[in-house]
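Have a look at this one before I ask anything.
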Amino acid sequence: MSSEGRLFCPASSPVAPLVDGLAWLWRLGLRLESPAPTAVGVGDAADAAELDALVRARQLSGAVILAAGAHGEAGPMPARYIRSGVARLGGVRVEGVHTLFADGHAVVRSSLGTHAVRRGNVLVLGADPALWGRLDLFWALETVASFLVERLERPLVLLPPVGCLRLDDFPGTAELQLRGDARGDRRQRRRAETLIARLESERARLIVAVAAQALDRDAEVPLDRVWPDAVTALASGVERGVLEPACHGLLHLNPHARASGRVDPREFAGLDVGEAGLRLDAACAWLRTHVGEPRSFVAPAWGYGPGVLAAAAARELPTWLPAAPGPLLNGFALHETLAIGLPGLHRIDYAPLRRLAELGLPPIVVFHGQLVDDRIPRLRATRDVATAGLLALLPDLPRIARLSGVRWVGVPELLELLRAHGSIEVAGSEVQAPAAGAVRFFRG
């Protein structure tokens, strides 16, 4: 990381994790806890007056203020209001609850109104600090990037436009069996074969998180005893270079909850490092024999504890964590970048995924079927027959796999890119990188 920090935000601010994430993502050095004339301050509505004063005093080059929700005019903050619906921004459509501004110099406008305004060198966004992970706020990342290029007078260093697709719980789990939601072996084999063929034609890699065991009545048995043909199809997809296995635990059930008659998928919650290691070793051994070498691990329902993370790290097994602002990679902890269900997705407009990748934020899209999570309830609630018909012909997963402008990769390649990116240092106009020719820039 460059020693030349370019973003200012106090450690106590709720915006600090987001600032750390942007600083890592765009190679802007360590977050500053004191203002500097060459830095841009970032804060929320509570920080607006202080940041505005620092900019006026030329102790900051500029300021970015994140403000969501309705509120009257206050100091440097113009009045803002809430409007729900579909916003069209430059040909891209997103839906949700939007914070809009009643007046001010508009920087971002949509079909619904003004999403960002600027007064001098202070940029105000109608966005919550928790914008990380939401498609309906893709525009905020673009707007901040352009503002930083201007005020810092330097380009941003970007990751290549790549992303990951991950399918969890395939072909089934003991949890789904107990809930009555499991699908039969023949159906899952056909789904796997169709999906493999579609992904292969798009040259897209799919990570498949597989639990190693299932239930045969009350007995815990290897997964291939329940879904033998589907497991064979998975192994074929791995051999063809389309699928990449991920360890998804042993039984996908919390043993203590099961003993008391409850269904809880958090198998690894509360385990010490020894027990977690035993389960990981058993699950990975089955995968290695029947499907392929597991390249990553995701605990069911992200049920991690310190012992689980330590056990995975000891085995150098990259571990998926939920989307959260901050550096994407910390040792073997690998953060997803999007919330489950893709909040903000409108119909089949996947363009925000491409826009995020263009800005260096790899979209990590997680499925529990071929449709994004909660897709069917949303379609029913909106009575969107047209979209339902399109998805019946071709579901979300293969549609996203063919999205232009994003290359869908596996975990080993993603890790290689993240580690190389994390080693890039920037001092002034000088960029020091492991492979200078591979560096990509955003110049506004």
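Roughly what percent of Cα-Cα pairs across the range 285-388 reach past 19 Å?
Values: 3000 of 5356 pairs.
Roughly 56 percent, once rounded to a whole number.
Can you list residues whose amide H is under 5 Å from Leu167's amide H, if they're 5+ apart or on another chain and H is modeled 1.01 Å from N?
Ile207, Val208, Ala209, Phe367
Here's another thing I want to ask about it. Taking the Cβ of each residue in Ser84, Ser13 as the centre, tally the other Cβ atoms inside 10 Å and list the residues starting with the fewest. Intermediate values should be presented prior to the final figure.
Working: Ser84 10, Ser13 20.
Ranking Ser84, Ser13 by Cβ neighbours within 10 Å, fewest first, gives Ser84, Ser13.
Run the quick spin-label model on Glu413 and Arg315: label points 7 Å from Cα toward the beta carbon, then report their separation in nm to one decimal.
2.5 nm
Which whole-Hz couplings ³J(HN,Hα) result when phi for each residue of the range 130-144 is put into the Karplus expression 6.51 cos²θ - 1.76 cosθ + 1.60, θ = phi - 60°, listed in order with x for Gly and Pro?
3J(HN,Hα) across the range 130-144, in whole Hz: 8, 5, 4, x, 10, 6, 5, 10, 4, 4, 5, 5, 4, 5, 5.
5 Å is the cut-off here: which amide hydrogens, built 1.01 Å from N in the peptide plane, fall below it relative to Ile364, excluding neighbours closer than 5 in sequence?
The answer is Cys164, Thr337, Leu338.
Note down the net charge around Ala140, summing +1 for each Lys or Arg and -1 for each Asp or Glu among other residues with Cβ under 15 Å from its Cβ. Numbers along the way, then the final one.
Values: positive: Arg80, Arg109, Arg118, Arg134, Arg355; negative: Asp44, Asp128, Asp136, Glu142, Glu358.
Combined, the nearby Lys, Arg, Asp and Glu give 0.
Something else about it: Taking the Cα atoms of the range 217-347, what is the range of coordinates along each of the three principal axes, in descending order and whole Å?
Principal extents (largest minus smallest coordinate, Cα): 41, 39, 35 Å.
Rounded to the nearest 500, what is the chain's calculated 222 nm mean residue ellipticity when only DSSP H runs of at least 4 contribute -39500 (n - 2.57) each, over all residues? Each step should come with its number before you reach the end.
Values: 15 runs with 149 residues, N = 444.
That comes out to -10000 deg cm²/dmol.
Report Rg/Rh for the range 28-85, rounded to two decimals, where Rg is the Cα radius of gyration and Rh the Kirkwood radius. Mind dumping the intermediate values first?
Working: Rg = 13.1 Å, Rh = 12.4 Å.
Using only Cα positions, Rg/Rh for the range 28-85 is 1.06.
Separate question: Rounded to a whole number of µm²/s, how large is the Stokes-Einstein D of the range 7-154 at 25 °C and 0.890 mPa s, given Rh as the Kirkwood radius over C-alpha pairs? The partial results should precede the final answer.
Working: Rh = 15.2 Å.
Answer, rounded: 161 µm²/s.
What dipole magnitude, in Debye to the nearest 20, does the range 9-118 give about its Cα centre under +1 on Lys/Arg Cβ and -1 on Asp/Glu Cβ?
Working: 10 positive and 9 negative charges, 89 e Å.
For this selection, approximately 420 debye.
Might you report the magnitude of the Cβ-based charge dipole of the chain about its Cα centre, with Lys and Arg at +1 and Asp and Glu at -1, to the nearest 20 debye?
Numbers: 49 positive and 48 negative charges, 264 e Å.
So the magnitude is around 1260 debye.
Tabulate in residue order the Karplus-calculated ³J(HN,Hα) for the range 208-218, using 6.51 cos²θ - 1.76 cosθ + 1.60 with θ = phi - 60°, rounded to whole Hz; enter x for Gly and Pro.
Those phi angles translate into 10, 8, 10, 7, 8, 10, 9, 10, 10, 6, 9 Hz.
Express in whole angstrom the spacing between the alpha-carbon centres of the range 222-271 and the range 77-118.
Going from one Cα centre to the other spans 43 Å.
How are the Cα pair distances of the range 162-421 distributed, in percent, across 10 Å bins from 0?
7, 31, 37, 21, 4, 0
From Cα pairs below 8 angstrom and at least 6 apart in sequence, can you work out the relative contact order of the chain, rounded to a whole percent? Let's see the in-between values first.
Working: 965 pairs, mean separation 80.6, N = 444.
Relative contact order, the chain: 18 percent.
Another question, then. Share of Cα-Cα pairs in the range 172-273 beyond 24 Å, in percent? Don't jump to the answer; show the numbers that get you there.
Values: 1456 of 5151 pairs.
Tail fraction, whole percent: 28.
What fraction of the DSSP beta bridges in the range 162-421 is antiparallel, stated in percent and rounded to the nearest 5?
Working: 7 of 27 bridges.
Percent antiparallel among DSSP bridges in the range 162-421 is about 25.
Treat the count of other C-beta atoms within 10 Å as a stand-in for reagent exposure and order Cys164, Cys9 from fewest to most. Present the calculation step by step, with values, prior to reporting the outcome.
Numbers: Cys164 25, Cys9 28.
Exposure proxy ranking, most exposed first: Cys164, Cys9.
Of Val409, Leu394, Ile196, which is farthest towards the positive pole of the range 162-421's charge dipole, taken about the Cα centre with +1 and -1 on the beta-carbons of Lys, Arg and Asp, Glu respectively?
The residue sitting most towards the positive pole is Leu394.
Can you list the residues, at least 5 places off or on another chain, whose amide H is less than 5 Å from the amide H of Leu321, using H built in the peptide plane?
Excluding prolines and chain starts, which carry no amide H, the hits are Leu334, His335, Glu336.
Sticking with this structure for a sec: Based on the Kirkwood radius over alpha-carbon pairs, what value in µm²/s does the Stokes-Einstein equation return for the translational diffusion coefficient of the chain at 20 °C and 1.002 mPa s?
Working: Rh = 23.2 Å.
It comes out at roughly 92 µm²/s.
May I ask you to list the residues of the range 298-334 whose amide nitrogen lies under 13 Å from a point 7 Å from Cα along the Cα→beta-carbon direction of Glu275?
Residues 305-308 qualify, since their backbone N sits under 13 Å from the label point.
Throughout, read-outs are computed from the coordinates displayed, never taken from laboratory work. Small disclaimer: the values here were computed from a predicted structure and weren't measured. Every residue, glycine as well, gets a Cβ built from its backbone with ideal geometry; the counts of neighbours run over all protein chains shown.
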